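Note sheet for the following structure.
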Amino acid sequence: MQDVENKSLFGMELAELVALMEALGEKPYRARQIFDALYKQRVHSVEDMTTLAQALRSRLMDEGFRVALPEMAQTAVSVDGTERYLVRMADGETVETVWMPDGDGGERGDGSEAAEEEEGEVVGADEAVKAESFWDRRGNGRARSNFGTLAEKGFRRATICISSQVGCAVNCQVCLTAKLGIRRNLTAGEIAGQVAAVLNRHNIKIGKDRINLVFMGMGEPFLNYENFMKSVRLLVEGVGIPESRMTVSTSGILPGIVAFAGEKLRPKLALSLNASNDVVRERIMPITRKWNIAELLEAVVKIPLRTREWVMIGRSMLARCWHSCAGCARR
């Protein structure tokens, strides 16, 4: 049986739920019911798991088990629809998560299905014409009501920017999170829970709405590697967001890149260099003293890329960015 502090159901994989049901003397199929309730239905409480018998729900609650999704403590809304959330965890620690409706054209040219769609859109037309072109091309004769919530609001897609740590130890000079230092890693449930909380806020319908995820918020994902990868599995196998619609950004944690290359299920990779040589990069990103650009690129070229998969190399060039992503000093 789990310790009291580990009784959050959100964040448990199917195998863990099977073990829990066995420990409670329940049939294994109950684990699948709980798994689907947590990640597909995105319920807020054990009581909401109506596929379970009331007796089992009551027992789980009596034992101290809870869903424990993160709480949106504050919300800041931009004129373009971007929303930035201060997300509070169960222990009171907070991180930032960002909702960016419709994107900014950043997928164009990355080899993905989304990029092909963007490249085929009408450029320079007014919004009404662009919207009509979009529905003519992608609607296949179906009414807008057959699409998800985003379509009802006039958006084609949305991107959620997720944090992986409370604070960060990497100390990049272009990032506000560096001033916090590192407080702790987020659990897999806290990472994936940010996504679930945002999806619930916007009543997103996975399978109808196109959602992209970027692990580019507070923290360095590859310094919280196991929890980050577990959250990816939960989001793919549970929530239903394909890994091809996910991108993780790293400041250049060499062991993490090597481990990532061997993963069967993994997002796309973005490597933040922010400079073209080690001298300049070391001033911006002190992590360069440990792993230089040549070492990082050598590791990147060894990643076995899949169809339509590219590794993106990032460099900060803007004085100000509209995204308001968590931790970014350009906001």
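Bear in mind these aren't lab numbers, they're just calculated from the coordinates by the rules spelled out. None of the values given here were measured: they were computed from a predicted structure. So basically every Cβ, Gly included, is an ideal-geometry build from the backbone, and we count neighbours across all protein chains shown.
Just a few scattered comments:
- Using 0.36 nm per residue and subtracting the Cα-Cα separation, the extra length available between ASP102 and ALA259 on full extension is 53.3 nm.
- By the rule of a C-alpha distance below 23 Å, with chain neighbours fewer than 8 residues away ignored, the lysines paired with LYS290 are LYS179, LYS302.
- Using the average count of surrounding beta-carbon atoms within 10 Å as a protection proxy, the listed peptides 277-286, 195-204 rank, highest first, as 195-204, 277-286.
- Taking a sphere under 9 Å around the Cβ of ALA188 and counting the other residues whose Cβ falls inside, with K and R at +1 and D and E at -1, yields a net charge of -1.
- 3J(HN,Hα) along the stretch 21-34, derived from phi through the Karplus expression 6.51 cos²θ - 1.76 cosθ + 1.60 where θ = phi - 60°, amounts to 5, 5, 5, 8, x, 9, 5, x, 5, 4, 4, 5, 4, 5 Hz, with x in place of Gly and Pro.
- Modelled FRET efficiency - R0 41 Å, GLU47 with LYS290, Cβ distances, 0.05 increments: 0.25
- Two-site label geometry, GLN74 and VAL311: point separation in nm, points 7 Å out along Cα→Cβ: 3.8
- Inter-probe distance in nm under a simple model that places probes 7 Å from Cα toward Cβ, at ARG183 and LYS27: 4.4
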